[in-house]
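Peer 1: Here it is, the structure, as structure tokens.
Bear in mind these aren't lab numbers, they're just calculated from the coordinates by the rules spelled out. All values reported here derive from a predicted model rather than from experimental measurement. Methodologically, a virtual Cβ is constructed for each residue, glycine included, from the backbone with ideal geometry; neighbour enumeration extends over all protein chains shown.
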Amino acid sequence: MQLDAASKGYPPHLPALELKDAGLQGWQLLRGDLSFPLAVLKDSALRHNIDWMRDFCQTRGLDIAPHGKSTMSPELYERQIAAGAWGISFANVFQAALGARHGVGRIIIANQVFQAADLDSLSVLLQTHAGLQVWFLVDSPEQVQMIEAWRSACASSTVFTVLIELGVAAYRTGCRDHEQALALARLVRRSPALRLTGIECYEGSLATCNHAHDRQGVAALMKRVQALAVACEAEDLFESDEVLLTAGGSAIFDLVAEHLKPHLQHPTRGILRSGCYVTHDHVQYRKHLACVGERLQLRETLRPALEVISAVQACPEPGLAILAMGKRDISYDLDLPVPQWRAALGAAQTRAVPSHWSITALNDQHAYLRFDAQAPAHEQPAFGELVGSGISHPCTTFDKWRWMPVVDDSYRVIDAVSIHF
């Protein structure tokens, strides 16, 4: 990827630059060497989070196929796979193609695939990339019929590898009861277009941070997974040497992990799909991981790695400063950004913002930073100073950028990643 005048955050007056060379330029963000607003990734937190999740899975005999839709960044996939990730998960064929083009060898599409154009594309991917393995989800006879109709219409010999999805009432996709799921598994077993190799579910919708509620809900869901796996095995419905069982959002993955190794005659592989762990955040997932820490009696879990840096562009009235960032730059779907640090342009280091600072609203390109107008002058924001804000829900900050610099703890750029939403 090339950085140039079309890359938000890259100063347009600079000559075009290959992304891989970004860490060689000596850029120091506190000195203002790049344009703001700018989303950045902290290298120390990325490394900690990837290692933490690797260790979490290894000690439980599990694998991880992180949800790549969270970042859509091949450079982050490379880091995760280098640390032992079994594969990468995606939400659709378009995203899976990105992974395949960048060397991901095992892909779970944690969604239903059924449209002819997607089946065409997936078939070509499998033919084009030697050794590529792809799994996707099925949850209805209608989906199976559409796949078989596509296969017949184009005289394809492709056989797709699939997982039965178990769902939760009133939430997203997935079979709602055991008999429905088992009947679908039998249908898949008879289909020349499909090969059943496991079961999938998603428990993230159950997360409340009420330990008893979450534990009970996850246990009930995973009991259904266990029952379906046993029933499918008893009827010889699995067509693989190894049965895959996969679950795990980014909120209550610890509870799922307790149940991802059911007792079967077949070898089984339990796979978590948590995606947001790689960057974590400062609000929603921080709250959920505090609950994970309580359940596991841990002093530390994950660290926020993603921040958006902006500058104070106006102080129009007492108690209000306007930051030069907005909805185009930072997530706001779950919570508003949270100011974390401040620094005068050219400062050697950052300092924490006063506790009375808060962002109360966003426009497209502006953030409303409120503060105590009666506070001492040194606690009030100053025109031109930098403010680093934490985020809630990393997925919807990533999709606003096409690249992000990776910085050390002093905000010196040491690397960069590309983003392909």
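Peer 1: Using helices alone, I'd like the mean residue ellipticity at 222 nm for the chain: each DSSP H run of four-plus residues gives -39500 (n - 2.57), total over residue count, nearest 500. Show your work: numbers first, answer last.
Peer 2: On the way: 10 runs with 120 residues, N = 421.
Here the helix-only value at 222 nm equals -9000 deg cm²/dmol.
Peer 1: Can you list the residues, at least 5 places off or on another chain, whose amide H is less than 5 Å from the amide H of Ile108, using H built in the peptide plane?
Peer 2: Amide H neighbours of Ile108, under 5 Å, 5+ apart: Ile88, Ser89, Phe90, Trp135.
Peer 1: State, to one decimal in nm², a quarter of the convex hull surface area for the C-alpha atoms of the chain, i.e. the direction-averaged projected area.
Peer 2: Working: hull surface 87.8 nm².
That works out to 22.0 nm².
Peer 1: Among Leu336, Leu163, Leu323, what is the fewest-to-most ranking by other Cβ atoms within 10 Å?
Peer 2: Neighbour counts put them in this order, fewest first: Leu336, Leu163, Leu323.
Peer 1: Rounding to the nearest 20 debye, state how big the charge dipole of the stretch 105-274 is about its Cα centre with +1 on each Lys and Arg Cβ and -1 on each Asp and Glu Cβ. Before the final figure, lay out the partial values.
Peer 2: On the way: 14 positive and 19 negative charges, 20 e Å.
Dipole about the Cα centre, nearest 20: 100 debye.
Peer 1: Please report the relative contact order for the stretch 105-274, taking Cα pairs under 8 Å with a sequence separation of at least 6, and give it as a percent rounded to a whole number. Kindly include the intermediate steps, with their values, before the conclusion.
Peer 2: Values: 296 pairs, mean separation 29.7, N = 170.
In percent, rounded to a whole number, it is 17.
Peer 1: While we're on this one: How do Asp214, Asp33, Asp43 line up, fewest other C-beta atoms within 10 Å first? Spell out each step's value before the answer.
Peer 2: On the way: Asp214 22, Asp33 16, Asp43 19.
Sorted ascending by nearby Cβ count, the order is Asp33, Asp43, Asp214.
Peer 1: Dividing the alpha-carbon radius of gyration of the stretch 268-421 by 2.2 N^0.38 Å (N being the number of residues), what value is obtained?
Peer 2: Values: Rg = 16.9 Å, N = 154, 2.2 N^0.38 = 14.9 Å.
Against the compact-globule rule of thumb, the ratio is 1.13.
Peer 1: Going down the table (Lys42/Lys400; Lys69/Lys223; Lys20/Lys42), which pairs top 22 Å between alpha carbons?
Peer 2: On the way: Lys42/Lys400 18 Å; Lys69/Lys223 28 Å; Lys20/Lys42 17 Å.
Lys69/Lys223, as the Cα separations exceed 22 Å there.
Peer 1: Got a sec? How would Asp415, Asp399 order by Cβ neighbour count within 10 Å, fewest to most?
Peer 2: Numbers: Asp415 19, Asp399 16.
Placing the least packed residue first, the sequence is Asp399, Asp415.
Peer 1: If you build the convex hull over the alpha carbons only and average its shadow over all orientations, what do you get for the stretch 105-274? Give it in nm² to one decimal.
Peer 2: Across all orientations, the stretch 105-274 yields a mean hull projection of 9.6 nm².
Peer 1: Additional query: Evaluate Rg over Rh across the stretch 129-198, taking Cα atoms for both radii and Kirkwood's formula for Rh.
Peer 2: Working: Rg = 12.8 Å, Rh = 12.8 Å.
That ratio is 1.00, to two decimals.
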